[in-house]
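For reference, the structure discussed in these notes is given below.
The values are calculated or read from the model by the stated rules, or taken from the named source; none is laboratory data. Nothing here was measured: the structure is a model prediction, and the numbers come from that model. Note: ideal-geometry Cβ built from the backbone for every residue, glycine included; neighbour counts use all protein chains shown.
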Amino acid sequence: MSTMKAFVLDKPGHPHTLRLAEMPIPEPGHGEVRVRVHAAGLNPVDYKVAANGNPNWSYPFILGVDVAGTIETVGEGAGEWKAGDRVFYHGNLTKPGGFAEYAITTGHTIAAIPHHVTFEEAAALPCAGMTAYQALHRKLHVQSGQTILIHGGAGGVGGFAVQLAALAGLEVISTASAANFGFVKELGAHHMIDYRTEHVAARVKEVTCGRGVDAVLNTVSRAVATADLELLAFNGQLAYVAGAPDFSQIKPFTKAISFHEIALGAAHSSGDAIAQKDLAMMAEALAVLVSGKKVSAMLSEVISMEEIPSALGRLSERHVRGKIVALIG
């Protein structure tokens with residue numbers, strides 16, 4: 001049996017419990033392709049699911065939801081893809097992932113990598129970039145001239161959201177630590193708020209002359225999402241990634257607020273083919289923006305495969321700027 005190198009998890013636990021192992025090279029089924037992994041993006045979801053596990057997993061399990069590489073084998077019914085195509089995708093976290101030399105995914109959820117985009121850049125995009133893209137363009141339907149508050153502008157989701165919002169013509173307010181102000185401003189933010197030393201609500205009211213913002217993208221917590229409710233203008237919208245706010249804090253029929261849950265990866269388990277195909281469409285849209293130099297992949301660090309466990313540990317401490325990508329092969 002042919003084998004490959006892969007980082008595996010023997011049971012739920014901290015990223016440092018990942019170990020390098022020899023695993024069987026997987027075979028694609030109907031509608032699937034096998035990808036020779038060249039780069040894999042690291043994301044908070046990786047260490048979060050590592051800690052909690054998943055009832056659908058069989059151990060040892062391979063993590064890694066963001067993959068970029070070349071197609072090696074095309075299964076029956078996987079579409080028009082062919083061996084040698086450069087592709088990237090956001091994988092199904094219930095299935096073995098991309099911290100390995102080879103990975104399996106579905107043909108209808110992958111996107112081609114443009115010629116001027118590297119594997120490392122492509123691997124940085126899916127989870128964080130597509131979450132931001134889904135929030136702004138599929139849920140909030142942002143429009144030029146609006147104001148938006150984006151939490152965590154130096155992080156993955158926040159950083160992509162700042163860029164996409166600025167590109168769409170919005171006035172962007174972002175929270176970040178003071179040390180990251182320059183980075184977030186370079187991404188396109190117009191106003192930065194130090195969440196550690198400044199009163200976020202007071203600063204938002206100051207910037208918007210008391211009106212509040214048209215939209216908020218919350219990447220922090222339920223408690224912060226609840227506090228965000230007070231910052232929304234009439235007809236304001238809140239998109240949340242890290243938990244729903246306490247809706248009871250808003251009196252019905254007063255501010256006409258809309259709420260949007262962002263659950264990018266749930267498209268895989270939804271059984272909705274349209275939602276799954278939209279993963280590929282959003283990935284393609286982001287790749288085009290990166291290829292045209294309109295959006296940065298925010299590559300902050302490119303590491304070796306052997307460094308994945310320690311890098312995930314650093315990521316779990318929530319002090320990483322931009323994106324970390326591992327070179328696999």
Checklist entry - Within region 227-237, which residues are farther than 18 Å from residue 203 by Cβ and touching an Asp or Glu at 6+ places or on another chain (Cβ under 8 Å)? => result 235, 237
Checklist entry - Would you pick out the residues in region 299-329 that are closer than 26 Å to residue 184 by Cβ, in contact with a Phe, Trp or Tyr (Cβ under 8 Å, 6 or more places away or on another chain) and surrounded by 22 or more Cβ atoms within 10 Å (Cβ to Cβ)? => result 312, 326
Next on the checklist: I need a count of the residues in region 230-258 that are buried (at least 17 other Cβ atoms within 10 Å of the Cβ), part of a loop (DSSP other than H, G, I, E, B) and over 22 Å from the mean Cα position of the chain (by Cα).
Outcome noted: 2
Checklist entry - In the set 297, 275, 227, 287, which member is farther than 30 Å from residue 211 by Cβ, among the small types (Gly, Ala, Ser), touching a residue at least 12 places away in the same chain (Cβ under 8 Å) and in a helix (DSSP H, G or I)? => result 287
Item to check | Counted residues, region 3-30 - those being part of a loop (DSSP other than H, G, I, E, B) and either in contact (Cβ under 8 Å) with a residue 40 or more places away in the chain or not assigned by TED's automatic domain parsing to the domain that holds residue 111 (or both) | outcome: 11
Checklist entry - For region 253-289, which residues satisfy the criterion of being at positive phi and at pLDDT below 95? => result 253, 271
Item to check | Search result, residues across region 45-77 that are part of a strand (DSSP E or B) and in contact (Cβ under 8 Å) with a residue 60 or more places away in the chain | outcome: 66, 69
Next on the checklist: I need the full set of residues from region 151-185 which are closer than 22 Å to residue 292 by Cα and over 20 Å from the mean Cα position of the chain (by Cα), in order please.
Outcome noted: 169, 170, 185
Item to check | Top-ranked residue of region 187-222 - restricted to ones that are within 20 Å of the chain's Cα centre (by Cα) and surrounded by fewer than 19 Cβ atoms within 10 Å (Cβ to Cβ), ranked as nearest to residue 293 (Cα to Cα) | outcome: 221
Next on the checklist: Out of 314, 321, I need the residue that is in a loop (DSSP other than H, G, I, E, B) and in the same structural domain as residue 91 (by TED's automatic domain parsing). Which one?
Outcome noted: 321
Next on the checklist: Among the residues of region 300-311, what is the count of those that are of a type outside the set (S, T, N, Q) and part of a helix (DSSP H, G or I)?
Outcome noted: 6
Item to check | Flag for residue 38 being over 24 Å from residue 267 (Cα atoms) and under 21 Å from the mean Cα position of the chain (by Cα) | outcome: yes
Next on the checklist: Only one of 33, 49 is at pLDDT 95 or above and either over 21 Å from residue 241 (Cβ atoms) or in the same structural domain as residue 80 (by TED's automatic domain parsing) (or both). Can you tell me which?
Outcome noted: 33
Checklist entry - Taking residue 121, is it assigned by TED's automatic domain parsing to the domain that holds residue 22, crowded, with 23+ Cβ neighbours inside 10 Å, charged (D, E, K, R) and in contact (Cβ under 8 Å) with a residue 12 or more places away in the chain? => result yes
